[in-house]
Amino acid sequence: MPFFAILTLFPEALEPYVGSGILRVAREKGQLDLQLIDFRDFTRDRHRTVDDRPFGGGPGMLLKPEPIAECIEWLERKHGAFHKIALCPSGKPFGQSRAEELRSLERVLLLCGRYEGFDTRLLEHFGFEELSIGDFVLAGGELPALCIVESVARLLPGVLNDERSALEDSFGESGVLDHPHYTRPRVFRGTEVPEVLLSGDHARIQRWREARARERTRERRPDLLEARDGEQPHKPSNKTRADTTNEH
Ligand SMILES: C[S@@+](CC[C@H](N)C(=O)[O-])C[C@H]1O[C@@H](n2cnc3c(N)ncnc32)[C@H](O)[C@@H]1O
C-alpha cells in the first residue's frame, strides 16, 4: 500500500478533503495510507518561525530550510526512505503518466510550499523531484498535493467502483481525451441524445465514441495525438460538428 506524507503548514485545511470521497474510500479499503504533517512543529524558536527574508533582497519571504529538514529526517527515521516531491510552479509538469508511476512507490513525501517557496539548497540536499500542476501560480502547494494524491488514489485497485473507468478516462489507455457523455432525459432543453447511443449496437457505439474522442482531441489537445501517433497538429478547418457527427 503506498504511503503518502503531506508536509504542510495547513493540515487543518486538508483534513476535511482527505476524509471524504475517493481518498476516504482508498484509506478505508486499506489501499492508501496518508498522513498530514505540520512542519511548523519542527521549529525550535519561541515564535515557531518558518519563514525568512531572501538573500539578495526582493519581495516576499521564503520557507526556512531547517524545520523542513528536521521534519523529513524525523519521518525517515520512523518509516524509512521516501521519494520526495516538492510542489513548485517551476517544476516539471505533472501528468497522468507520472501518477501511474507514483502508484507503485512505497513511500512518497509531498512538500507544500508557501510564500515565495523554498530555499533551493533544501531541495538539492534531499534530492527532491519538483513538480508543477500547471502554468499558473497558487498561494500554496496544498491543492497541488491533493491533486497528485487523488490522481494516484483512483488508480489503486478496488478504489473506483468500476476499474475500467480509469482506463477509459482522458489520458487513459487510448492516450486521448474522453468522448462526450449523455444520460437521461433523452431530450434536454431541445437537444436529443445522439441516435447511435440508443441503438443497442455496441460495436457501432464504440466506433462513434472513438471518433468523437479523436475529434475532440484534435480540436482541443492536438499535442496528445502528436505524442501518441506522431500525427501532425490539426489545422483549423471549416468542417462543422454537423459534418462530422455521421462518422461511424
Ligand atoms: C506563491 S507560490 C511561489 C511561487 C514561486 N516564487 C515561483 O514563482 O515559482 C507558493 C507555493 O505554492 C505552490 N504552488 C503554486 N503554484 C503551483 C503550481 N502551479 N504547481 C505546484 N505548486 C504550486 C508551491 O508549493 C509554491 O512554493
- Query: Which of the residues spanning the stretch 79-102 are among the charged types (D, E, K, R) and within 20 Å of residue 143 (Cβ to Cβ)?
  - Reply: 84, 92, 98
- Query: What number goes with the only condition from (1) within 16 Å of residue 108 (Cα to Cα); (2) away from the ligand (no atom under 16 Å from the Cβ) that residue 147 does not pass?
  - Reply: (2)
- Query: Going by the structure shown, is residue 121 within 16 Å of the ligand (Cβ to nearest atom) and touching a Leu at 6+ places or on another chain (Cβ under 7 Å)?
  - Reply: no
- Scan the stretch 178-211 for residues that are in contact with a helix residue (DSSP H, G or I) (Cβ under 7 Å, 6 or more places away or on another chain) and closer than 30 Å to residue 27 by Cβ and jot them down. 178
- Item | residue 72 vs. criteria in contact (Cβ under 8 Å) with a residue 40 or more places away in the chain, under 19 Å from residue 132 (Cα atoms), buried (at least 16 other Cβ atoms within 10 Å of the Cβ) and among the aliphatic types (A, V, I, L, M) | no
- Query: within 16 Å of the ligand (Cβ to nearest atom) and not in a helix (DSSP H, G or I) - does that describe any residue in the stretch 171-191?
  - Reply: no
- Does at least one position in the stretch 135-144 carry a residue that is more than 9 Å from the ligand (Cβ to nearest atom), over 17 Å from residue 10 (Cβ atoms) and not assigned by TED's automatic domain parsing to the domain that holds residue 178? no
- When restricted to 174, 170, 151, 165, the only residue surrounded by 11 or more Cβ atoms within 10 Å (Cβ to Cβ), among the polar types (S, T, N, Q), at pLDDT 95 or above and out of contact with any Asp or Glu (no Cβ under 6 Å at 6 or more places or on another chain) is 151
- Message: Return the pair list, or none, for Cβ contacts closer than 7 Å from residues in the stretch 87-113 that are on the phi < 0 side of the Ramachandran plot and more than 16 Å from the ligand (Cβ to nearest atom) to residues that are modelled with pLDDT of 95 or more and of a type in the set (Val, Ile, Thr), at least 6 apart or on different chains.
- Response: 103/152
- When you go through 89, 65 one by one, which is the residue that is under 27 Å from residue 221 (Cβ atoms) and touching a strand residue (DSSP E or B) at 6+ places or on another chain (Cβ under 9 Å)? 89
- For the subset of the stretch 124-134 comprising residues that are within 10 Å of the ligand (Cβ to nearest atom) and assigned to a loop (DSSP other than H, G, I, E, B), which member is farthest from residue 81 (Cα to Cα)? 134
- Item | Scan of the stretch 10-33 for residues that are outside any helix (DSSP H, G or I) and buried (at least 20 other Cβ atoms within 10 Å of the Cβ), ordered by number | 32
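The values are calculated or read from the model by the stated rules, or taken from the named source; none is laboratory data. Note that the structure is predicted; figures quoted are calculated from it, not measured. When we count neighbours, we look across all protein chains shown, and the Cβ atoms used for this are built from the backbone with ideal geometry, even at glycine.
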